[in-house]
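Reading through the structure tokens given below for one structure.
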Amino acid sequence: MNAVIPIQQLQSTGCGTPPEVIRERGQREVFCGLTGIIWMHRKIQDAFFLVVGSRTCAHLIQSAAGVMIFAEPRFATAIIDDRDLAGLADANAELDKVVQKLLTRRPDIKLLFLVGSCPSEVIKLDLHRAAGRLDKQFGPNVRILNYSGSGIETTFTQGEDACLNALVPQLPQTQEKSLMVVGCLPDIVEDQFSRLFKEMGIHQVSFFPPRNSRALPAIGSNTQFILAQPFLGDTVRSLESRGASMLSAPFPFGIEGTTAWLLTIANAMGVDQELFEKVVAPKKARAEMALAPLKETLQNKKIFFFPDSQLEIPLARFLNRELGMQLTEVGTPYLHKQILEKELEWMPVDVQLSEGQDVEKQLDRLKLADPDMVVCGLGLANPLESEGFTTKWAIELVFSPIHGYDQAADLAELFARPLRRKAKLQFNTEVLCN
């Protein structure tokens, strides 16, 4: 008989102890990965996203990115209808006709993504094989890749992860020492970081994805990369499989996160500490001045995060440590401990973290917490507003430039504005009625 092994109690380590995590796998209220096309098509300016899916998906893309109806778009939908699903038409032949017509009409397209709106079993089409066949036909002038934006398989920021993961095998090989910033950033933010790197004497820096598909950055065993977005788990694994190594750092949201993110880069690239302080000091001072009035609005306000964009933990850290907001529950669709390691070290020990979602249970916890502000998806925002909660759309935080020193106050403003609006709408009904 084997000896009984005593169960060891977990030892609390005080500050920095990872908070307990609620893990749920119930009904969830999030967008699908197709939504990522809305910001990806703006970033890679010679790419085209062809969604292969239903009319419902076509309406989603048209509605979500409706402004593009006035311009020559860089996305479209090849609709799978009843005839295709019933096997009355050869779906591969139909797709080939659509791609041929598109590339003939738009010779400026150099990178074409076939984006599945549903799993292959549903649309009755293997897009991976179709992309390989079409890439041989139209390459090397046009590269054709595929990824899934299915709501069954992805949440909305995972669309970017899937897109970048599909691009990683296309990156050229190098043995030169270099740094790669990974994650889609607005051009203005990318330019700001580029100027900071230049002032620090860091020149071997590339951004992935690039603005032009013909300028893919090279990668190899001497490449170090740092994430600008926390939702790129599959991309991290693919980059590491190519020999690159990840720099672990907090994300560049707010002054503290931006400084730590830049310092990690500076240390990795051998930048002198004195030079680093000289470069960042004026930017920090300007950001602190801009944040000060917003802290008066946000300090001591309670906030609750529903899982949506995977930005929740870095944003909660910023709001808590730099603006004094009280965190009730911080939900995230997926909690990547490798990617969020440094962020979790900065989270308060009494915060309730949750991974995944069972929306009814989470709504019950929301009502018990009674926060001043709720960060959630569009599907929950209006019902919660009707119950008196103040909400912030999570998707707005993905579309807006929020990284870096210059955007720290803009990021805080996104949270302060709904509270100020609610305060202005408060009035005494008895006075009005009398």
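The values are calculated or read from the model by the stated rules, or taken from the named source; none is laboratory data. Owing to the predicted nature of the structure, the values given are computational and were not obtained by experimental measurement. Cβ atoms come from the backbone with ideal geometry, glycine included; neighbour counts cover every protein chain shown. Note: areas computed on protein heavy atoms with side chains; ligands, DNA, RNA excluded. Shrake-Rupley method; radii C 1.70, N 1.55, O 1.52, S 1.80 Å.
Quick notes
- Test: residue in segment 419-426 that is assigned to a helix (DSSP H, G or I), out of contact with any helix residue (DSSP H, G or I) (no Cβ under 7 Å at 6 or more places or on another chain), open to solvent by less than 80 Å² (accessible area, probe 1.4 Å) and over 27 Å from GLN158 (Cβ atoms): yes
- For VAL271: the one exception among (1) closer than 13 Å to MET200 by Cβ; (2) out of contact with any Gly (no Cβ under 7 Å at 6 or more places or on another chain); (3) in contact (Cβ under 8 Å) with a residue 60 or more places away in the chain; (4) open to solvent by less than 40 Å² (accessible area, probe 1.4 Å): (2)
- Selection count, segment 20-42, where residues are surrounded by fewer than 16 Cβ atoms within 10 Å (Cβ to Cβ) and either polar (S, T, N, Q) or within 13 Å of the chain's Cα centre (by Cα) (or both): 1
- When we screen ASP135, ASP191 for residues that are over 30 Å from MET269 (Cα atoms) and part of a helix (DSSP H, G or I), the only hit is ASP135.
- Condition check for SER150: surrounded by fewer than 22 Cβ atoms within 10 Å (Cβ to Cβ) and hydroxyl-bearing (Ser, Thr, Tyr): no
- Candidates GLU396, GLU360, GLU329, filtered to the one that is among the acidic types (Asp, Glu), under 18 Å from GLU24 (Cα atoms) and either free of Cβ contacts under 8 Å to residues at least 40 places away in the same chain or not in a helix (DSSP H, G or I) (or both): GLU329
- Checklist (1) at pLDDT below 85; (2) under 24 Å from PRO140 (Cβ atoms); (3) in a helix (DSSP H, G or I) applied to ILE61, failing item: (2)
- Every residue from segment 363-393 that is among the hydrophobic types (A, V, I, L, M, F, W, C), in contact with a Phe, Trp or Tyr (Cβ under 9 Å, 6 or more places away or on another chain) and assigned to a strand (DSSP E or B): MET373, VAL374, VAL375, CYS376
- Residues of segment 349-361 that turn out to be within 16 Å of LYS302 (Cα to Cα) and in contact with an Asp or Glu (Cβ under 9 Å, 6 or more places away or on another chain), as a count: 3
- The listed residues are GLY201, GLY151, and the only one of them that is in contact with a helix residue (DSSP H, G or I) (Cβ under 9 Å, 6 or more places away or on another chain), at positive phi and in a loop (DSSP other than H, G, I, E, B) turns out to be GLY201.
- Condition check for VAL98 on (1) over 25 Å from PHE31 (Cα atoms); (2) without any contact (Cβ under 8 Å) to a residue 24 or more places away in the chain: one failure, at (2).
- Every residue from segment 114-134 that is open to solvent by 50 Å² or more (accessible area, probe 1.4 Å) and either under 23 Å from ILE219 (Cβ atoms) or touching a Ser or Thr at 6+ places or on another chain (Cβ under 6 Å) (or both): ASP126, HIS128
- Residue check for GLU256: of a type in the set (Asp, Glu), under 21 Å from GLN192 (Cβ atoms) and open to solvent by 30 Å² or more (accessible area, probe 1.4 Å): yes
- Residue in segment 215-230 that is open to solvent by 50 Å² or more (accessible area, probe 1.4 Å), assigned to a loop (DSSP other than H, G, I, E, B) and farther than 16 Å from TRP261 by Cβ present: yes
- Only one of the numbered conditions (1) at pLDDT 95 or above; (2) open to solvent by less than 50 Å² (accessible area, probe 1.4 Å) is violated by THR332, and that is (1).
- Members of segment 385-409 found to be surrounded by fewer than 19 Cβ atoms within 10 Å (Cβ to Cβ) and hydrophobic (A, V, I, L, M, F, W, C), listed by number: TRP393, PHE399
- If you go through segment 67-105 and keep only what is modelled with pLDDT under 80, among the aliphatic types (A, V, I, L, M) and farther than 25 Å from GLY36 by Cβ, you end up with LEU85, ALA86, LEU88, ALA89.
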